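Only one structure is covered here, and it is reproduced in the block below.
Every number in this text was worked out from the coordinates using simple rules, so none of it is lab data. Keep in mind it's a predicted model, so treat the numbers as computed, not measured. Note that we place each Cβ from the backbone using ideal geometry, even for glycine, and neighbour counts take in every protein chain shown.
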Amino acid sequence: MSGSVVPLAVPELGGNERAYVDECLASGYVSSVGPFVERFEREFAASVGAAHAVACVNGTAALHVALRLAGASADGYVALSTFTFIASANAVAYTSARPWLVDSERTTWNLDAEALHDEVVRRAKAGEPLPQAVEVVHVLGHPAQMEPLLALRDSYGIPVVEDAAEALGARWTEGPLAGRSVGTAGLFGCFSFNGNKIITTGGGGMIVTNDAELAQHARHLTTQAKTSRRGYLHDEIGYNYRLTNIAAALGVAQLEQLPRFLGRKRQIAAVYDAELTHLPVTLPPSVSWAESSSWLYSILLPESVDLEGLLNRLEGAGIQARPLWPPLHRQQPYLCAEVLGGAVADDIYARGLSLPCSVGITADEQQRVIEELRRALR
Ligand SMILES: *Cc1c(COP(=O)(O)O)cnc(C)c1O
């Protein structure tokens with residue numbers, strides 16, 4: 001057995017990354033003005049099937065701007081999944097809106113859209129304040145069920161912002177959204193290009209929308225809301241959130257490889273599914289109506305398994321595995337946030353385990369992971 005470590009998820013940088021970054025250096029365009037930023041936006045928008053894309057310094061910044069433009073403010077609250085990476089909630093908090101944490105459903109581990117729908121309808125009938133927006137996270141790359149959320153939008157004008165940070169390439173395959181990529185069903189879709197995401201720019205993010213005016217406004221906010229070409233005039237409080245040309249150059253090169261990356265991610269997931277199906281574990285969500293990006297392969301262990309002990313054992317065997325996220329209602333900054341349910345998210349966290357699934361993982365490395373799990377769970 002090799003003594004090398006099998007990493008959880010590391011980037012693959014074997015394409016035109018170096019050539020394009022060299023081009024930036026040779027041209028002197030290293031900052032936020034430069035041809036790769038617009039090219040990355042154009043090619044990204046085409047890739048997901050959105051009319052417009054706005055490149056940002058990271059996914060959290062993309063969410064912050066999108067939520068602000070969707071109407072999140074100190075006057076109200078935003079509904080989102082309690083089972084997600086903390087950045088989803090931080091972006092809400094940056095707008096000064098209060099996060100309303102919604103439990104997961106069992107089928108996809110995503111926000112329980114039906115429970116949310118029914119509670120919002122109840123609040124509307126009772127004359128209570130309604131959420132300013134719904135931020136739906138496509139958790140671990142699996143598309144969320146959208147119909148109840150789009151129904152809320154149609155009935156009450158509550159906009160939907162998609163946190164698609166983990167879900168580049170995922171899509172719906174049945175129903176009214178069939179054929180559409182995640183990120184294009186809401187008013188805005190936001191993506192992340194952090195080092196462990198489907199594609200990476202080192203750090204980066206993207207907002208997509210089909211609304212030309214909103215795209216223009218988003219771009220304006222990411223560039224300090226500057227109004228004049230020459231002078232220093234600004235018409236509102238903006239941010240220094242625009243992606244740099246160097247990062248965008250990486251993004252263009254990574255995007256060229258997206259089909260291969262997605263193919264590998266899904267292949268790796270299929271191998272795990274086939275090999276782990278005989279173990280007493282719950283495999284990752286899979287439904288007939290959507291196709292996941294298979295971003296981070298994660299299973300649920302039986303309750304009897306000591307997760308901490310298993311993580312130690314895997315680490316000892318040179319395998320980088322990770323627990324899932326503690327739900328936001330268990331996290332220090334959000335202990336006082338309002339919660340709708342929470343027991344399902346608690347259970348997913350208590351039993352969840354993410355396994356190595358880098359695009360570049362070898363068949364031998366994957367077999368090592370599978371063998372070690374088999375031995376541990378026997
Ligand atoms: C990674 C991630 C983000 C934040 O993206 P950054 O680029 O790291 O700022 C937001 N939401 C979810 C669900 C994520 O996984």
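Give me the one-decimal nm value for the distance between modelled label points at Leu377 and Thr362, 7 Å along each residue's Cα-to-Cβ direction.
Reported label-point gap for Leu377 and Thr362 is 2.5 nm.
At q = 0.14, 0.15, 0.21 Å⁻¹, what log₁₀ I(q)/I(0) does region 269-330 have when each alpha carbon counts as one equal point scatterer in the Debye sum?
Once normalised to I(0) and log-transformed, intensities are -0.51, -0.59, -1.08.
Quick check of the Kirkwood formula: for region 1-82, what is the inverse mean of 1/r over all pairs of different Cα atoms, in Å?
Hydrodynamic radius (Kirkwood, Cα pairs) of region 1-82 is 16.7 Å.
Have a look at Ala79, His64, Asn110 and report the one farthest towards the positive end of the charge dipole of region 56-124, computed about the Cα centre with Cβ charges (Lys/Arg +1, Asp/Glu -1).
Farthest towards the positive end: His64.
Where Rh denotes the Kirkwood radius from the mean inverse Cα pair distance, what is Rg over Rh for region 106-251?
On the way: Rg = 17.5 Å, Rh = 17.0 Å.
When Rh is taken as the Kirkwood radius, the ratio is 1.03.
Based on DSSP H runs of at least 4 residues, each adding -39500 (n - 2.57), what is the mean residue ellipticity at 222 nm of the chain after dividing by all its residues, to the nearest 500 deg cm²/dmol?
Details: 12 runs with 144 residues, N = 378.
Calculated mean residue ellipticity at 222 nm is -12000 deg cm²/dmol.
Quick one: give the max-minus-min coordinate of the C-alpha atoms of region 67-141 along each principal axis, largest first, in Å.
Reported extents, whole Å, longest axis first: 31, 29, 15.
Within the P(r) computed for region 168-242, what percentage of the Cα pairs occupies the region above 21 Å?
Beyond 21 Å sits 43 percent of the P(r) for region 168-242.
Could you calculate the contour length gain from Thr107 to Leu130, that is, 0.36 nm times the residue separation minus the distance between their Cα atoms, to one decimal place in nm?
Contour length minus Cα-Cα distance gives 5.6 nm.
May I have the extent of the alpha carbons of the chain along their three principal axes, as whole Å values ordered from largest to smallest?
Dimensions of the chain along the principal axes of its Cα atoms: 67, 63, 39 Å.
Any chance you could list P(r) for region 84-187, counting all Cα-Cα pairs in 10 angstrom bins from zero, rounded to whole %?
Cα pair-distance distribution for region 84-187, in percent: 15, 50, 31, 5.
Please report the orientation-averaged projected area of region 1-156, defined via the convex hull of its C-alpha atoms, in nm². Don't jump to the answer; show the numbers that get you there.
Values: hull surface 54.5 nm².
For region 1-156, averaging the hull's shadow over all directions gives 13.6 nm².
Among Arg260, Arg378, Arg351, Arg330, which comes first, then next, by fewest other beta-carbon atoms within 10 Å?
Arg378, Arg260, Arg330, Arg351
Among His64, His278, His117, what is the fewest-to-most ranking by other Cβ atoms within 10 Å?
By the 10 Å Cβ count, ascending, the order reads His278, His117, His64.
How many times 2.2 N^0.38 Å is the alpha carbon radius of gyration of region 222-301?
1.85
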